[in-house]
Every structure is written in structure tokens, then in C-alpha cells.
Amino acid sequence: MEITGKTKIMFVLADPIDHVRASAVMNAYFASIGDDLAVSPIHVLPGDLGQAVASIRLMRNVFGFGVTIPHKTCVIEHLDEITPTAQLIGAVNFVKRTAEGRLVGDNLDARGFTASLAQHEVAVRGRKVLQVGAGGAGRATAFGLAEAGAGELTIMNRDDGKAHALAAAVAAHYPATKVSAGRAEARSFDLIVNTTSLGMKPDDPLPVDIEGVGAGATVSDIIVNPAVTRLLARAAAQGARVIGGRPMLDAQMALVARFIAR
Ligand SMILES: NC(=O)c1ccc[n+]([C@@H]2O[C@H](COP(=O)([O-])OP(=O)(O)OC[C@H]3O[C@@H](n4cnc5c(N)ncnc54)[C@H](OP(=O)(O)O)[C@@H]3O)[C@@H](O)[C@H]2O)c1
């Protein structure tokens, strides 16, 4: 890749930085569509976030920046505007810098997730969905599933209070979806989605018991690395359809390209 004065520059802000893969995915995507754009991870400590964002505002060849752990919520106070989607989810994962230097935050996780399901012809409309996890990504996927017309959405999380709070927030905006929180038997759902971080380490326990889940059901795990988590391997062995986290990340690339277009 040749980076010149004409190259559009983007960043990914994170702390820690070692795990960041989004920059590599973005560079590969923009190279594949022939866009002269380069993305670099930037290690920014939480206490320095305001100054880092203020500096980026002054960089006229910067078109935007991704935001990951732990900055997704804290970055909002440093921006000029956030989209209604980011407002609803309460977190931003991508910021565009307009030609005038305005910083606009969006959350592309929800649309990336539902786009990845659609690309794999996994139906959501009218279906019974069990979501495990109610963290940052889980907030996005829950709103995305309701937006995509899920008939029933049950949210199960280690911290049950967070599951109930998320269920109430989703139900308030999407009355057509029957939303609830608490423990449930995975076998009675059409689509089971893991949004917890359980599965990133090889010795992690399964995030949910999928006994009885087989052909006819889809199991999705949004973890990107490993590509096939223990949950997905088990589900596939039982005959269920499986989908990993990489398609969700990939689907966000086209959304980023559209978002930063000036
Ligand atoms: N594919 C993509 O494009 C994409 C996008 C974003 C995130 N992700 C992935 O999604 C995962 C979650 O990210 P996040 O930003 O939502 O993290 P987060 O905000 O820290 O949330 C973590 C979630 O995992 C649960 N959890 C963590 N450790 C647990 C344990 N030992 N037992 C049971 N539950 C546990 C948490 O439950 P509590 O609420 O009880 O703590 C919470 O629901 C990560 O693997 C991340 O890489 C993928």
C-alpha cells in the first residue's frame, strides 16, 4: 500500500491495542474496492480520549475513525452529533469527520449484524430469537433484531438486571416484537445469538446450553476470533446452521464506505 498526501486517512482508537483487527479488515476492504484509504490503529488511554478526538478534528485528511473498547460510550461527549441509531444503542463504533471538521458518530454494529444474517438468508422477521449477552455489542444486536422484525426476542445475560433493562428499552421502541428477559431453553428458538465474550478463549464454558438445538435452527456467534467457536462447532455437529462473527464485521465495511462518502 502506498500512502501519499492524497490518501484518505482513518484510525481505530482502542485501549488495549493488541487485539485490534478492524484496521486490517478495513484496509483490505478499501483496497479491494480501489479506494485510496489507509487505516491505522491508535492506542489512546481513556483519560486522553478528549484530547485525541480534538486533535483528529484538526486533521483535514482524516475521514473518520473506528472506536472500540473501552471508548464506545465515552466518545459521545466529544462529538458534535450522533445518529438516532447510536442514540438508541447508547454507543458509537464509528465516527466520520466531515469536510468542515464536524464529528458525527454512528453505531454500525446493529446494521452490520442484520445485514450479515440477510446475506446468509437467515430469516428474522416473525421468528423466535434467543440472544445471550447484554453488553455493548448485545445492545446493538437486540435493537437490530427488533428492527429486522423478530417476532419474539428473549435476552439472557449473566447480569440479569442488564438483560431486563435492555429488554425494556427494546420493547419501548419496537412494540411489535414480544421482548422478554431471563433464562430460557435454547431448543425452543429459531435463532440463537451469542453476543457474550464467552468463546474467545479455548477453555471458556459454552455461553448457553444448546441441547436439542438441531436442523431448522440457526446459531450465530458474533465473536470474530476464533472464527469457529466451541458453540458453533457444537451447533454444527448437531445439524444446526451456523454463522460466525466475521460476516458482521465485513458487512460494516460497506456501511463505513457509505457513511464517510463526502
Ligand atoms: N462481529 C463483530 O462485528 C463484533 C462487533 C462487536 C463486538 N463483537 C464481539 O462481541 C463480544 C462482546 O463484546 P462487547 O463489546 O459487547 O463486550 P462487553 O460490553 O464487555 O459485554 C460482554 C458480554 O459478555 C458477558 N460475559 C462476559 N464474561 C462472561 C462470563 N464469564 N460469563 C457469562 N457472561 C459473560 C457479559 O455479561 P455481564 O453483563 O453479566 O457482564 C456481557 O453480556 C466480543 O467477543 C467482541 O469481540 C463482535
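The values are calculated or read from the model by the stated rules, or taken from the named source; none is laboratory data. It should be emphasised that the depicted structure is a prediction, and the values quoted were computed from it without experimental measurement. Quick reminder, even Gly has a Cβ in these numbers, built from the backbone with ideal geometry, and neighbours come from all protein chains shown. Accessible surface is based on the protein model in full, side chains and every heavy atom, while ligands, DNA and RNA are left aside. Shrake-Rupley method; radii C 1.70, N 1.55, O 1.52, S 1.80 Å.
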Here are LEU130, LEU145, LEU108, LEU153: which of them is buried (at least 24 other Cβ atoms within 10 Å of the Cβ) and either free of Cβ contacts under 8 Å to residues at least 40 places away in the same chain or small (Gly, Ala, Ser) (or both)? LEU153
All but one of (1) surrounded by 13 or more Cβ atoms within 10 Å (Cβ to Cβ); (2) touching a Ser or Thr at 6+ places or on another chain (Cβ under 9 Å); (3) farther than 20 Å from GLN252 by Cα hold for ALA38; which doesn't? (3)
Matching residues, segment 205-253, being touching a helix residue (DSSP H, G or I) at 6+ places or on another chain (Cβ under 8 Å), closer than 30 Å to ASP35 by Cα and of a type outside the set (Val, Ile, Thr): ALA227, GLY244, PRO247, MET248, LEU249, ASP250, ALA251, GLN252, MET253
Whether any residue in segment 214-231 is among the charged types (D, E, K, R), open to solvent by 80 Å² or more (accessible area, probe 1.4 Å), touching a residue at least 24 places away in the same chain (Cβ under 8 Å) and out of contact with any strand residue (DSSP E or B) (no Cβ under 6 Å at 6 or more places or on another chain) is what I want to check. yes
Since ALA99 meets every condition but one in (1) closer than 21 Å to ASN61 by Cα; (2) modelled with pLDDT of 95 or more; (3) open to solvent by 40 Å² or more (accessible area, probe 1.4 Å), which condition does it not meet? (2)
Failed criterion for LYS178 (all others in (1) surrounded by 23 or more Cβ atoms within 10 Å (Cβ to Cβ); (2) at pLDDT 95 or above hold): (1)
Hey, any hits in segment 160-171 for a residue that's among the hydrophobic types (A, V, I, L, M, F, W, C), more than 12 Å from the ligand (Cβ to nearest atom) and outside any helix (DSSP H, G or I)? no
Is it fair to say ASP15 is in contact with a Leu (Cβ under 9 Å, 6 or more places away or on another chain), open to solvent by 30 Å² or more (accessible area, probe 1.4 Å) and farther than 30 Å from ALA171 by Cβ? yes
Just one of the numbered conditions (1) open to solvent by less than 10 Å² (accessible area, probe 1.4 Å); (2) under 30 Å from VAL20 (Cα atoms); (3) without any contact (Cβ under 8 Å) to a residue 40 or more places away in the chain is not true of ILE192; which one? (3)
Give the residue that is nearest to VAL213 (Cα to Cα), with candidates limited to residues of segment 121-137 that are within 14 Å of the ligand (Cβ to nearest atom) and either modelled with pLDDT of 95 or more or assigned by TED's automatic domain parsing to the domain that holds LEU88 (or both). LEU130
Boolean, THR177 is of a type in the set (S, T, N, Q), in contact (Cβ under 8 Å) with a residue 60 or more places away in the chain and touching a helix residue (DSSP H, G or I) at 6+ places or on another chain (Cβ under 6 Å): no
